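The values are calculated or read from the model by the stated rules, or taken from the named source; none is laboratory data. Note that the structure is predicted; figures quoted are calculated from it, not measured. Backbone-built Cβ (ideal geometry, glycine too); neighbour counts: all protein chains shown.
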Amino acid sequence: MDTTLDRLRIWLTKTRVFASPRSKRRFLIHIFVLGFVFAIATIFIQRQFSFLTDAQALREFIRGYGILAPGALIGFQALQVVAAPIPGQVLAVVAGYLFGVWWGTLYNMIGITIGSTIAFWISRRYGRAYVETIIHEETLARFDTVSNDHGHPALFFFFLIPGLPDDILCFVGGLTNIPLWQLIILAVIGRTPAFFFVNVVGDLLGTDQIPTATVLAVILVVISVAGYLNRDPIIRLFEDSS
């Protein structure tokens, strides 16, 4: 029993991402505040703009604001890469719902590109000391080893697999000697497939194809959970081949 608990404790320590308990508390506070604001905003919108419950009417309403709506989406997507207040996949569903598959994917990837570039630049500009205030030292060290030994293929693979902490990779990548433009290409190409399919889910929801959207969403969730639960074995594969 004690051995099992010890192993569990070790596993939890190794998989910790936050640099400190304080960082974790700050993150959770941000999530709570954003959730509260979102809930209040949702109630207000439902009362004041009841027509927004109609998917097609909502899409036309948002599109009526022209470039402002896509601009807001792009800004939020860029922000989540750097600060992670909202999961990028959630924004991708919203984008697909509002703008359709192709435009939604385009707006998402523009935001991802901007956010990734900022994260790469911050990491490269302020160095490891700053990154260690964001990412737990042991987590950073593991990705350091993999990215330094395997470079482009490893980073691309981690960006490609859903469920892996790809936003962390943006900061890790900035600490490597890989040119910035190459890092951006790796991040964009690697992350596009997953975001495309999440946008498909949003588009299906926006066109009232609920059963199909549900099936695809379940498949994506299963893949993401599998990637997340197997992140340590995946990282070890690269570590063992170093």
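Test each condition in (1) at pLDDT 80 or above; (2) assigned to a loop (DSSP other than H, G, I, E, B) for LEU186 and report the one that comes out false. Among (1) at pLDDT 80 or above; (2) assigned to a loop (DSSP other than H, G, I, E, B), the lone unmet condition for LEU186 is (2). Within region 202-242, the set of residues being over 15 Å from the mean Cα position of the chain (by Cα), among the β-branched types (Val, Ile, Thr) and under 30 Å from GLY173 (Cα atoms) comprises ILE219, VAL222, ILE234, ILE235. Is one or more of the residues making up region 144-158 in a loop (DSSP other than H, G, I, E, B), more than 21 Å from the chain's Cα centre (by Cα), over 20 Å from GLY104 (Cα atoms) and in the same structural domain as MET109 (by TED's automatic domain parsing)? Within region 144-158, none of the residues are in a loop (DSSP other than H, G, I, E, B), more than 21 Å from the chain's Cα centre (by Cα), over 20 Å from GLY104 (Cα atoms) and in the same structural domain as MET109 (by TED's automatic domain parsing).
Exactly one residue out of GLY206, GLY202 is modelled with pLDDT under 85, assigned by TED's automatic domain parsing to the domain that holds PHE157 and buried (at least 19 other Cβ atoms within 10 Å of the Cβ): that is GLY206. Just to be sure I understand, how many residues within region 116-146 are of a type in the set (A, V, I, L, M) and modelled with pLDDT under 80? Final tally of qualifying residues: 5.
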